[in-house]
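Inspection log for the structure reproduced underneath, given as structure tokens.
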Amino acid sequence: MEPSLVRELLHYSQQPNIISLAGGLPDDALMPAYPDVNQLLDSRQYGASDGEAVLQQHIAQILAGRGLDRQKAVLVTNGSQQGLDIVSRSVLDNSATILTEQPTYLAACQVFRLQGANIQGVTSDEFGMSVKDFEEKLEEYKPKAVYMIPNFQNPSGHCYSLERRKEIASLLEKKNVLLIEDDPYGELCYEEIKLPPISSMLKTSSWVYLGSFSKVLWPGLRVGYMACDEELMPYFEKVKQATDLHTNRLAQMMVSHFLGSGQYLLHIAKLKAVYKKKRDAMADALLKYLGNQISYRIPAGGMFFWVRLPEGVSSMLVMERALQEQVLVLPGKPFFSSDHMLDDAYLRLNFTRVNEEDLDRAIYTLSLVVKGLSVDRVG
């Protein structure tokens with residue numbers, strides 16, 4: 001296995017003199033205070049493998065609001081990352097192929113490779129997976145599953161159009177392929193757009209829907225969830241039992257208490273307002289300092305800009321040079337799962353954790369690095 005570059009760089013992002021645009025981290029200053037432990041239900045004893053009933057009910061209400069009414073099929077996990085691990089252990093092996101967007105979430109690829117699966121990338125654009133390429137790959141590889149992040153995808157930030165969601169759902173139904181839909185960013189939407197889960201459009205083919213509270217509450221608690229067709233849940237629960245018995249009960253109670261406090265929707269509204277301003281600040285800085293030297297789209301939500309560098313400029317070299325100037329950025333190369341699609345021309349830039357002043361300073365520093373490398377290349 002290859003290590004995750006994001007995890008390898010995390011120690012740099014924790015240094016006070018470094019401005020980090022590398023991780024997918026929420027703003028510490030916007031995290032609510034932990035609730036008083038004495039206000040919570042007792043969580044000292046072992047608990048149920050599928051999660052605390054009170055938290056499952058809150059999650060079921062959230063899912064119902066998204067068009068997924070699956071109260072009896074919710075499993076509380078250690079972040080949505082564990083959900084990926086559970087479903088991968090259940091359905092993938094070294095004879096299986098899984099299709100992903102290209103580029104895609106690099107830690108998902110780690111999980112799929114751990115099971116020995118063959119990962120095939122599907123060409124993607126600003127509206128999601130290419131329907132034509134997706135249909136061709138379904139026919140060619142007969143995959144066991146398809147993994148996608150329809151809402152403000154990591155790393156590209158793209159969001160599937162409603163029409164694209166319907167087209168993808170239709171093909172999944174036609175080929176009867178399992179959908180693994182990952183949605184950690186759906187609540188961080190800064191524009192007026194509809195985001196129905198593709199899972200909610202499926203009538204006959206199986207699906208797994210993954211969610212997390214890490215991006216909107218306390219990532220250190222690692223509380224996520226998975227929902228699915230009810231007939232699949234007993235298998236996933238057995239894998240959960242064998243993996244870690246159950247998710248931390250105190251963490252579950254803390255999240256559940258906040259969800260039931262009446263503060264959650266106000267908190268999400270605050271996050272969206274602050275993050276939208278930061279997104280706009282990064283967009284302004286990119287335009288001001290790098291102008292037409294780079295290409296990018298302003299994301300309608302989520303945490304990332306996906307920036308294409310000038311021709312011939314290496315993202316890995318940009319990372320090394322920028323770090324010397326105390327700015328940390330993340331190369332795009334590790335996000336390409338298929339060897340024939342590897343592309344060293346992109347950076348993923350996070351805008352949620354850093355304040356607007358530091359965002360401007362970091363992009364200015366980055367522009368000096370990029371321009372310097374462009375001059376070196378020409379020279």
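The values are calculated or read from the model by the stated rules, or taken from the named source; none is laboratory data. Keep in mind the model is a prediction, meaning the values are calculated, not measured. Neighbour counts run over all protein chains shown; Cβ positions are idealised from the backbone, glycine included. These area figures cover heavy atoms from the full protein model, side chains too; ligands, DNA and RNA do not enter into them. Shrake-Rupley method; radii C 1.70, N 1.55, O 1.52, S 1.80 Å.
Structure notes:
- A Förster radius of 22 Å, combined with the Cβ-Cβ distance separating I268 from S43, puts the computed FRET efficiency at roughly 0.30.
- Carbon and sulfur %, accessible surface of segment 219-314 computed with the full protein complex present, 1.4 Å: 55 percent
- Residue-span extension gain [M31 to E231] - 0.36 nm each, minus C-alpha spacing: 68.4 nm
- With Cα atoms, 0 to 90° folded angle of helix 315-324 axis to the chain main axis: 80 degrees
- CD proxy at 222 nm, helix term only [per DSSP H run n ≥ 4: -39500 (n - 2.57); per residue of the chain; nearest 500]: -13000 deg cm²/dmol
- Once all protein chains are placed together, K288 keeps about 130 Å² accessible to a 1.4 angstrom probe.
- For segment 256-379, accessible area per residue (1.4 Å probe, heavy atoms of protein chains only), Å²: 46 Å²
- The chain: relative contact order as a whole-number percent, Cα under 8 Å and 6+ apart: 24 percent
- In the context of the full set of protein chains, residues of segment 128-229 present 34 Å² of accessible surface per residue (probe radius 1.4 Å, heavy atoms only).
- Candidate cross-link partners of K203 among the lysines, defined by an alpha-carbon separation under 17 Å and a same-chain spacing of 8 or more, comprise K166, K174, K175.
- Between helix 233-244 and the chain: long-axis angle, C-alpha atoms, 0 to 90°, nearest 10: 70 degrees
- On Cα atoms only, tilt of 162-175 relative to the major axis of the chain in degrees: 60 degrees
- Averaging the sequence gap over all C-alpha pairs within less than 8 Å and six or more residues apart, then dividing by the number of residues, gives segment 191-277 a relative contact order of 20 percent.
- Å² per residue, accessible surface of segment 8-67 at 1.4 Å: 58 Å²
- Potential extension, E191-E126 segment - 0.36 nm per residue separation minus Cα distance: 21.9 nm
- Note on exposure: E192, E101 ranked by accessible area (1.4 Å probe, complete protein assembly) read E192, E101, with the most exposed listed first.
- Summarising the strand pairing of the chain, around 50 percent of its internal DSSP beta bridges are antiparallel.
- Once all protein chains are placed together, E191 keeps about 70 Å² accessible to a 1.4 angstrom probe.
- Largest first, the residues I149, I19 sort by 1.4 Å accessible area into I19, I149.
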